[in-house]
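The values are calculated or read from the model by the stated rules, or taken from the named source; none is laboratory data. Everything quoted here is computed from the prediction, not taken from an experiment. Counting neighbours? That spans all protein chains shown, and the Cβs are built from the backbone with ideal geometry, glycine included.
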Ligand SMILES: C[S@@+](CC[C@H](N)C(=O)[O-])C[C@H]1O[C@@H](n2cnc3c(N)ncnc32)[C@H](O)[C@@H]1O
């Protein structure tokens, strides 16, 4: 199966309405434009969960296996997944519901829908794992672009991390070059320019499927440098 087929293969699953109500926040372009209220809360642990805790974000969380596993292993942290795919988020909400997670929310939106709601230094980690290589507008990738990394830097606290994994070499090196160019904001956490392979405790649906084709994942992790304003 080609990559596009793989991305389209998420089947609609039946999940209890309370799972959707508990976990999924839907972003609507119309609400963003209206003057009478904001569709999304601020992207902080306090606004989303009512607590002060580290907040971790997965961009393009898909069906949520990786994020739900993280949330289960770290109840002391809060987790937010963002993805525009309704079917994927239905699946992710079902997983979160089964595990009765209190520390996870899902936003149905493209990542750009979060931008007006990002708060300086609110994030402690961000995961961009297996971004779809084909989502581009006028050749600029819709997630992996300079604007994204710069907004993310402002929203990440000092020493907060960014993990990017991809099986698509061209997209991976495009992302790596953008982060290397933003060296006032990000520094690598490893000596090697990049790492080969990725073995989290729980692999995502996409990673498992792609590994069957023996395609190696490439990875880098970067740490947020102290910003000039907080020095
Ligand atoms: C290849 S899948 C990987 C999903 C998941 N990270 C995994 O490892 O299974 C890429 C995901 O990115 C999502 N996506 C596409 N465009 C996006 C955007 N503009 N913002 C956020 N996510 C997006 C897709 O809906 C899809 O779920």
Being farther than 25 Å from residue 69 by Cβ, touching a strand residue (DSSP E or B) at 6+ places or on another chain (Cβ under 8 Å) and within 14 Å of the ligand (Cβ to nearest atom): is that true of residue 225 here? no
Across (1) in a strand (DSSP E or B); (2) buried (at least 20 other Cβ atoms within 10 Å of the Cβ), residue 163 clears everything bar (2)
Would you mention how many residues in region 65-104 are more than 8 Å from the ligand (Cβ to nearest atom) and either within 12 Å of the chain's Cα centre (by Cα) or part of a loop (DSSP other than H, G, I, E, B) (or both)? 13
Residue in region 109-138 that is surrounded by the most Cβ atoms within 10 Å (Cβ to Cβ), counting only those that are assigned to a strand (DSSP E or B) and modelled with pLDDT under 95: 136
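Table: residues versus (1) closer than 23 Å to residue 54 by Cβ; (2) touching a helix residue (DSSP H, G or I) at 6+ places or on another chain (Cβ under 7 Å).
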site	(1), (2)
160	yes, no
167	no, yes
176	no, no
181	no, no
194	no, yes
200	yes, yes
205	no, yes
209	no, yes
Search result, residues across region 21-61 that are within 16 Å of the ligand (Cβ to nearest atom) and at pLDDT 95 or above: 43, 56, 57, 58, 59, 60, 61
Among (1) touching a residue at least 60 places away in the same chain (Cβ under 8 Å); (2) out of contact with any helix residue (DSSP H, G or I) (no Cβ under 7 Å at 6 or more places or on another chain); (3) near the ligand (Cβ under 9 Å from one of its atoms) - the single one residue 129 does not satisfy: (2)
Scanning for something within 16 Å of the ligand (Cβ to nearest atom) and in a helix (DSSP H, G or I), does region 185-206 turn up at least one residue? yes
Being surrounded by 12 or more Cβ atoms within 10 Å (Cβ to Cβ) and either free of Cβ contacts under 8 Å to residues at least 24 places away in the same chain or closer than 13 Å to residue 129 by Cα (or both) narrows it down to one residue among 196, 205; which is it? 205
